[in-house]
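Student: Below you'll find the structure I mean.
Where a number appears in this text, it was derived from the coordinates with a stated rule and is not lab data. Model, not experiment: these values are computed from the prediction. Note that we place each Cβ from the backbone using ideal geometry, even for glycine, and neighbour counts take in every protein chain shown.
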Amino acid sequence: MKKITTTIIALAILLSACSETTESAKENVETNNEEQVEETLAAEEPEEELIPEGAEVEEDHRYDNLSNESATSDCYIVSHFTDMDITYVTVDFIDIEEDFDNGGYEIVNENKKLRTFVVNEEYLNPYHEENVSIEKIFEKAANDPEILFSITIEDGLVTELYENLAG
């Protein structure tokens with residue numbers, strides 16, 4: 001009876017070892033298959049390089065006038081655009097000079113250079129002491145291109161932008 005019990009125990013140990021080996025082998029095959037699928041997908045999908053919109057498009061001149069200067073001036077808003085969630089404005093600086101002959105003021109635009117700067121989402125209107133969104137400023141400039149704006153720029157970032165009611 002002792003030989004039968006020992007044989008049965010030995011068979012049980014052998015069978016459990018075989019089943020563990022079979023399960024382990026199945027897991028290894030599944031893991032290898034998953035890794036191969038992931039590698040295949042990664043090889044099929046080339047890594048996309050993020051570049052600013054229009055940077056590779058011919059005849060896109062939006063960044064031609066990008067400036068890092070600091071200045072305060074009166075200006076006309078020429079255009080604006082948004083690229084990669086950053087909004088830019090292109091302006092034409094002008095000077096307002098007193099016209100002694102006719103009494104009043106004269107707009108002088110000796111430097112026709114356009115400049116492009118980064119803008120914030122809103123600016124304080126000093127006349128009404130309230131914030132005005134950049135979209136409203138752009139809308140006003142689009143409706144009347146002759147509206148004068150006052151602009152202050154620090155290192156290429158517009159810190160103040162509002163309609164110049166005095167001009």
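Student: Can you pull the Kirkwood radius for segment 66-167, inverse mean 1/r over Cα pairs, to one decimal in Å? Spell out each step's value before the answer.
Tutor: Working: mean 1/r = 0.0710 Å⁻¹.
Value: 14.1 Å, from the Cα pair sum.
Student: Collect residues whose amide H, placed 1.01 Å from N in the peptide plane, falls under 5 Å from the amide H of Leu148; neighbours closer than 5 in sequence don't count.
Tutor: For Leu148, whose amide H was placed from the backbone, the distant partners under 5 Å are Asn164.
Student: Something else now. How large is the translational diffusion coefficient of segment 59-111 in µm² per second when you combine the Kirkwood radius over alpha carbon pairs with Stokes-Einstein at 4 °C and 1.567 mPa s?
Tutor: Using the Kirkwood radius from Cα pairs, D works out to 96 µm²/s.
Student: To continue, here is another question. With a Förster radius of 22 Å, plug the Cβ-Cβ distance of Glu121 and Asp95 into 1/(1 + (r/R0)^6) and report the FRET value to the nearest 0.05.
Tutor: Calculated value: 0.15.
Student: Same structure, new question: Once you list every other residue whose beta carbon is under 13 Å from the beta carbon of Ile94, what net charge do they have if Lys and Arg are +1 and Asp and Glu are -1? Please list the in-between numbers first.
Tutor: Numbers: positive: Lys112, Lys113, Arg115; negative: Asp74, Asp92, Asp95, Glu97, Glu106, Glu110, Glu146.
Charge balance in the 13 Å sphere: -4.
Student: If you filter segment 94-167 for trypsin sites (Lys or Arg not before Pro), then keep DSSP loop positions with at most 10 other Cβ within 10 Å, what is left?
Tutor: Sparse-neighbourhood loop trypsin sites (Lys or Arg not before Pro): Lys112, Lys113.
Student: So how far apart, in nm, are the two label points at Asp155 and Asp64 if each is 7 Å from Cα heading toward Cβ?
Tutor: Inter-label distance under the simple model: 2.9 nm.
Student: Return the sequence-ordered ³J(HN,Hα) values of segment 106-120 in whole Hz as given by the Karplus equation 6.51 cos²θ - 1.76 cosθ + 1.60 applied to θ = phi - 60°, using x for Gly and Pro.
Tutor: Karplus-based 3J(HN,Hα) across segment 106-120 equals 10, 8, 10, 10, 6, 9, 7, 5, 8, 10, 10, 9, 7, 10, 8 Hz.
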